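Enquirer: One structure follows; several queries about it will come next.
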Amino acid sequence: MAAPASSTSSLLLVLVILLAAALISHSSANAWPASSSGSGGGGGGLSAGFYDETCPSAQDVVRRVIQDARVADPRIPASLIRLHFHDCFVNGCDASILLDEDLPSGIHTEKRVPANDNSARGFDVVDDIKCELDKACPGVVSCADILAIAAQVSVDLVGVNLFIEHTSLLSNSLYYS
């Protein structure tokens, strides 16, 4: 007997979220070696509290925009996680998926390749996040970081508990005996 569509969809969502969480964890742990000065752009390494001093409201702004967007479309958190995954999958987490094409000059981007065209969603929400962050702290938060923070906040908003309980076969056999 086939599984109901809702349980299949739920399982797929959990798998996508786990994959995104692993990708976010991997990209933050292995992005760039830390610079000796620890300041400035490029090569400075990633840290959980990177914007604590330069844009302390960044996480709250991203969360608020996503929560507002989620009212109109409950799939937005999953869409933002997928957008971050597709950005990181090609050439690293560089926000290149956000770039618009310029057909007259012959510039083609990831945004409109067949795998993403009419499939990747959430660009408007990322634009809204960028606009709100530029009001709060102009020019501070990079687009790549916006995607990463949006994916992290989306995982949190979906409410998936990533804690895996370790049990033993003995305890399971005792439970069922």
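Enquirer: Looking for something at pLDDT below 60, closer than 20 Å to residue 155 by Cα and assigned to a helix (DSSP H, G or I) - is there at least one such residue anywhere in region 56-78? Working first, answer last.
Expert: At the first step, the residues of region 56-78 found to be at pLDDT below 60 are none.
Taking every residue of region 56-78 in turn, none turns out to be at pLDDT below 60, closer than 20 Å to residue 155 by Cα and assigned to a helix (DSSP H, G or I).
Enquirer: Mind listing whichever residues of region 73-88 are β-branched (Val, Ile, Thr) and either within 9 Å of the chain's Cα centre (by Cα) or closer than 14 Å to residue 115 by Cα (or both)? Talk me through it step by step, then tell me what you get.
Expert: Initial filter on region 73-88 (β-branched (Val, Ile, Thr)): 76, 81.
Correct list: 81 only.
Enquirer: If we keep just the residues of region 98-112 that are of a type in the set (A, V, I, L, M, F, W, C) and modelled with pLDDT of 75 or more, which is surrounded by the most Cβ atoms within 10 Å (Cβ to Cβ)?
Expert: Step one: filter region 98-112 for residues of a type in the set (A, V, I, L, M, F, W, C), giving 98-99, 103, 107.
Next, only the ones that are modelled with pLDDT of 75 or more stay: 98-99.
Numbers: 98: 20, 99: 15.
Taking the candidates together, the pick is 98.
Enquirer: Quick check on region 34-51. Is at least one of its residues modelled with pLDDT of 60 or more, of a type in the set (A, V, I, L, M, F, W, C) and farther than 25 Å from residue 160 by Cβ?
Expert: Scanning region 34-51, I find no residue that is modelled with pLDDT of 60 or more, of a type in the set (A, V, I, L, M, F, W, C) and farther than 25 Å from residue 160 by Cβ, so the answer is no.
Enquirer: If you don't mind, there's one more thing I want to ask. Go through region 98-126 and count every residue that is touching a Leu at 6+ places or on another chain (Cβ under 8 Å) and among the small types (Gly, Ala, Ser).
Expert: Residues meeting the conditions: 2.
Enquirer: Can you tell me which residue in region 70-97 is surrounded by the fewest Cβ atoms within 10 Å (Cβ to Cβ), limited to those that are in contact with a Ser or Thr (Cβ under 9 Å, 6 or more places away or on another chain) and aliphatic (A, V, I, L, M)?
Expert: Filtering first and then ranking leaves 90.
Enquirer: Tell me which residues, restricted to region 97-131, are of a type outside the set (Asp, Glu), closer than 30 Å to residue 159 by Cβ and assigned to a helix (DSSP H, G or I).
Expert: At the first step, the residues of region 97-131 found to be of a type outside the set (Asp, Glu) are 97-99, 103-109, 111-116, 118-123, 125-126, 129-131.
So of that shortlist, the ones also closer than 30 Å to residue 159 by Cβ come out as 97-98, 111, 115-116, 118-123, 125-126, 129-131.
97, 98, 111, 123, 125, 126, 129, 130, 131, listed by residue number.
So that you can scan it fast, the table gives a plain yes or no per residue for (1) in contact with a Ser or Thr (Cβ under 6 Å, 6 or more places away or on another chain); (2) surrounded by 15 or more Cβ atoms within 10 Å (Cβ to Cβ); (3) modelled with pLDDT under 95:
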| site | (1), (2), (3) |
| --- | --- |
| 118 | no, no, yes |
| 130 | no, yes, no |
| 135 | no, no, no |
| 144 | no, yes, yes |
| 150 | no, yes, no |
| 158 | no, yes, yes |
| 165 | no, no, yes |
| 169 | no, no, yes |
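Enquirer: Pick out the one residue from 79, 105, 96 that is among the hydroxyl-bearing types (Ser, Thr, Tyr) and closer than 22 Å to residue 160 by Cα.
Expert: Details: 105 fails: closer than 22 Å to residue 160 by Cα; 96 fails: closer than 22 Å to residue 160 by Cα.
Unique residue meeting the criteria: 79.
The values are calculated or read from the model by the stated rules, or taken from the named source; none is laboratory data. Quick caveat: nothing in here was measured; it's all calculated off a predicted structure. For neighbour counting, all protein chains shown are included, and Cβ atoms are generated from backbone atoms with ideal geometry for every residue, glycine included.
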